[in-house]
Structure formats: structure tokens, C-alpha cells
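Read the structure below first, then the notes.
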Amino acid sequence: MNDVLIMIFSGLGVLFILIASIGIVRMPDFFLRLSVTVKATTLGVGFILLSTVIYFGELSVTTKALAIVLFLLLTSPVGAQLIGRVSYFTGTKLWKNSVLDELKGKYNEKTHVLGSEDEENKN
């Protein structure tokens with residue numbers, strides 16, 4: 001039974017990492033590539049570490065793998081958000097067919113402050 005679970009979880013992990021790899025090639029701009037790779041790679045690594053936990057079955061391996069998964073789930077979205085925000089503010093272009101730019105006009109380039117809609121309506 002453990003072998004079947006290991007094959008399923010490691011297969012899912014490899015599939016998600018493959019999806020992330022394809023996403024790097026197929027997505028048209030930086031922001032979509034960043035979104036696809038962070039989400040899919042985080043899931044892929046999580047599934048592979050879960051299969052590692054099942055394979056070894058020791059407490060020390062389990063705690064280390066679960067700690068890695070926890071830190072990965074906490075840091076990947078935050079890191080991706082910061083990378084995306086910095087690249088937007090430094091002028092990385094959106095895809096030409098992008099429909100919505102929610103940050104347009106809300107960033108003050110002189111003070112480097114991101115405003116809200118309420119602040120825009122006051123001015």
C-alpha cells in the first residue's frame with residue numbers, strides 16, 4: 001500500500017513541476033509565468049516531500065519534510081508577491097492582451113507609495 005501512495009504522490013509532484021515548466025515556456029509575460037511557476041512548483045515539491053515522508057516513515061524525516069513544506073507554503077507566495085510588485089513598479093510590461101491592470105494609477109513614483117481607491121477619489 002505504501003508503494004502505491006509513494007507512486008501516486010511522487011507522480012503528482014512530478015506532474016505539477018512539469019506543468020510549471022510548461023508554464024514558463026507557454027505564458028506570454030513575466031507576471032503569468034511567475035504565477036504559474038510558484039503555484040505549481042509549490043504543490044509539486046509538497047507532493048514529492050509527502051512521498052518522501054511515506055517512504056522513510058521515520059519521525060526525524062517526517063518532521064523535517066513537514067517543516068520544509070510549511071516554510072515553502074509560507075514563503076513562496078510572499079516571495080512571488082514581492083517579486084511581482086517590484087517588477088511591476090520597475091516597469092516590466094504587461095502582456096499586450098491584458099484586460100485589467102488594477103494597480104494602474106495607484107502608485108506614486110515620487111514617494112514610492114501604493115495608494116488605494118479611496119485616496120484616488122479624494123484627490
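The table for this structure:
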read-out: Rounded to the nearest 20 debye, dipole of the chain from Cβ charges on Lys, Arg, Asp, Glu; value: 320
read-out: Rule-of-thumb Rg ratio for the chain [Cα; 2.2 N^0.38 Å; N residues]; value: 1.42
read-out: Total lysine pairs under 28 Å (Cα atoms) in the chain, excluding pairs fewer than 8 apart on one chain; value: 14
read-out: Gain on full stretching of the segment that runs from LYS93 to TYR55 - 0.36 nm per residue minus C-alpha separation; value: 9.2 nm
read-out: Computed lengthening from SER21 to SER116, 0.36 nm per intervening residue step minus Cα-Cα distance; value: 30.7 nm
read-out: Loop GluC sites (Glu not before Pro), the range 46-123 (other Cβ atoms within 10 Å of the site Cβ: 11 or fewer; DSSP); value: GLU58, GLU102, GLU109
read-out: Protection-proxy order for peptides 72-83, 35-46, each taking the mean of Cβ atoms within 10 Å per residue, highest first; value: 35-46, 72-83
read-out: Accessible area (Å², per residue) of the chain, counting only protein heavy atoms and a probe of 1.4 Å; value: 73
read-out: Sparse-neighbourhood loop sites, trypsin sites (Lys or Arg not before Pro) in the range 47-112 - DSSP loop, at most 14 other Cβ within 10 angstrom; value: LYS93, LYS96, LYS104, LYS106, LYS110
read-out: Shape call, the range 48-89: gyration tensor on alpha carbons, a/c limit 1.5; value: prolate
read-out: Distant-in-sequence amide H partners of TYR107 (H built 1.01 Å from N, under 5 Å); value: GLY115
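The values are calculated or read from the model by the stated rules, or taken from the named source; none is laboratory data. Values in this document were obtained by computation on a predicted structure and should not be read as measured data. Cβ sites come from the backbone with ideal geometry, for glycine too, and all protein chains shown count toward neighbours. Please note that ligands, DNA and RNA were not included when accessible areas were found on the heavy atoms of the full protein model with its side chains. Shrake-Rupley method; radii C 1.70, N 1.55, O 1.52, S 1.80 Å.
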